[in-house]
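For reference, the structure is listed below as structure tokens.
Derivation of every value follows stated rules applied to the coordinates shown; laboratory data play no part. Model, not experiment: these values are computed from the prediction. All Cβ positions, even for glycine, are placed from backbone atoms using ideal geometry, and neighbour counts span all protein chains on display.
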Amino acid sequence: MNIRLRDLLLYVFGVVFILSCESKKSGQQSENKKSLIKRDTITSYFPERREVHITDTILDPENGFKVLIKKTSLKNKFVVQSFEADNNEVQKHIYYDNSILVKVFSDNKVLLDTLLTKDKLEQIGDRDFLKQAILYNAWIDSFDKDKQEVVVLFSVNVPDTDWAYDFSIIVSKDGRKEILLDRIE
């Protein structure tokens with residue numbers, strides 16, 4: 001009889017032990033589910049919709065010196081930045097990359113016709129930078145009427161940082177054109 005009582009007690013303790021382990025597991029799973037439920041991800045897109053921005057500027061009407069800059073946001077190329085906010089939310093920012101078409105005309109003749117993308121800029125040898133950066137913008141910096149020369153600037157940068165590569169495109173009426181890396185910040 002002693003043996004039966006001992007076997008019965010071992011059986012009862014075994015069942016209680018197994019049930020207590022299962023309740024700990026389910027408690028941990030419910031804790032994990034609660035922490036996942038509490039964390040919201042808020043996604044923001046920059047820009048919110050596909051954009052095309054055109055700047056068409058006549059610099060010298062007498063000589064027909066004109067610059068066209070067409071910036072287009074690319075929906076298939078983007079950079080994602082994620083960070084945790086104070087209120088247990090995850091902020092996810094998606095920055096769309098751009099392509100920029102730059103055309104320079106003089107006397108109805110095309111002096112420059114180039115499509116800029118960050119991948120085509122051989123001067124940037126930093127792969128880590130390129131994974132995080134976008135082609136940001138281009139603008140006319142200066143025009144020298146005597147030399148008939150225009151300088152267009154553009155920038156490739158990591159959004160919301162100072163990490164950038166700045167470039168200039170110099171185009172003159174005599175056909176000289178250069179794309180120069182101005183500085184790295």
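Say a paramagnetic label sat at a point 7 Å from the Cα of residue 182, along Cα to Cβ; which residues of the stretch 77-106 have their backbone N under 20 Å from it? Residues passing the 20 Å test: 98-105.
For the residue pair residue 84 and residue 44, what label-to-label distance in nm results when each label sits 7 Å from Cα along the Cα-to-beta-carbon direction? For the pair residue 84/residue 44, the computed spacing is 2.0 nm.
From the P(r) of the stretch 37-148, can you give the percent of Cα pairs sitting at distances over 16 Å? Percent of Cα pairs beyond 16 Å in the stretch 37-148: 69. Subtracting the Cα-Cα distance of residue 127 and residue 110 from their residue separation scaled by 0.36 nm leaves 2.8 nm. Model label sites at residue 77 and residue 151, defined 7 Å from Cα along the beta-carbon direction, differ in position by 2.6 nm. Kirkwood radius for the stretch 92-151, taken over all pairs of different Cα atoms as the inverse mean of 1/r, rounds to 14.0 Å. Taking Lys and Arg as +1 and Asp and Glu as -1, the other residues whose beta-carbon sits under 15 Å from that of residue 119 total +1.
Take every pair of alpha-carbon atoms less than 8 Å apart whose residues are at least six positions apart; their mean separation over the length of the stretch 53-134 yields a relative contact order of 26 percent.
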